[in-house]
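Only one structure is covered here, and it is reproduced in the block below.
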Amino acid sequence: MPIYLKDVDVVPEVAKFQSALILPCRFCPAASLAVRNDKPYIEFFRRLLKTEPYEELIDNMQSRLEKEGLKTSVFKGNLLNYLICLWTSGGRKKFLKHASQFEAVVVMGCESAYESVQEILKSTNCQVFQGMESEGVLNAIPKVHLPFNISLEKFKVTPMIYRGKQSEKEDSP
C-alpha cells in the first residue's frame, strides 16, 4: 500500500539558499498525485514510469526555486533507486556525491524517505527539507486501460501519525 501524501510549500524556506537539489521518490508521491488529480498513475507507452501530475509538481517547484535565483537540479537515480526507502548502498553513495554539490535538498517523499536522506547527508552541510507530508495509507483499486495505462481509484485513506524522533525514545528501555 502506498503512503498518501500531500505536498508542502517549502520554497520560501529553501529560497534562502543558493542551490537546491530536488529528490523525488517515484512511488508513493506519484500514486498520491495520480489519485488526487484523477490521472493515470502509469502511461506505459507515453511516459514509461513517470506520472504526469507528479512531474508537473516537480517542474513547478524547480521553476519557482529558479525564479528565486537558485541553481537547481532534480536527482535522477536508476530503476534500483525508484523508492528512496529501499535504496542500495551504491544508490546512496551516488546520491551523496551529487547532493554534496548543493546547499539544500528537498525530499519529495514520505517521512521515511526524509529520515533516510537526513542520515545519508549527516556528514555534509546540506540542509534537508521535507517537501511532502503523509496523510495516511492509501487503499486503492487499480484500473487498467488500453494501451496499458494504469489508474488508481481511491478506496480509502487510513490516517497515521508521524512521531519523528519521539518514537525512538519510546522504544528505548
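The values are calculated or read from the model by the stated rules, or taken from the named source; none is laboratory data. Note that the structure is a prediction, hence the values are computed from the model and not measured. Cβ atoms come from the backbone with ideal geometry, glycine included; neighbour counts cover every protein chain shown.
Key figures for this structure:
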| item | result |
| --- | --- |
| Residue match in region 45-66 (condition: in contact (Cβ under 8 Å) with a residue 60 or more places away in the chain, touching a helix residue (DSSP H, G or I) at 6+ places or on another chain (Cβ under 7 Å) and under 24 Å from SER151 (Cα atoms)) | no |
| Segments classed as helices (runs of 4 or more DSSP H), wholly inside region 84-173, with at least 3 members that are at pLDDT 85 or above | 89-99, 111-120 |
| Residue identified as over 14 Å from the mean Cα position of the chain (by Cα), buried (at least 17 other Cβ atoms within 10 Å of the Cβ) and touching a residue at least 60 places away in the same chain (Cβ under 8 Å) among ILE3, ILE42 | ILE42 |
| From LEU83, LEU96, residue being farther than 18 Å from CYS28 by Cβ and touching a residue at least 24 places away in the same chain (Cβ under 8 Å) | LEU96 |
| Answer residue from region 8-39, given it is basic (Lys, Arg) and under 23 Å from THR72 (Cβ atoms) and is surrounded by the fewest Cβ atoms within 10 Å (Cβ to Cβ) among those | LYS16 |
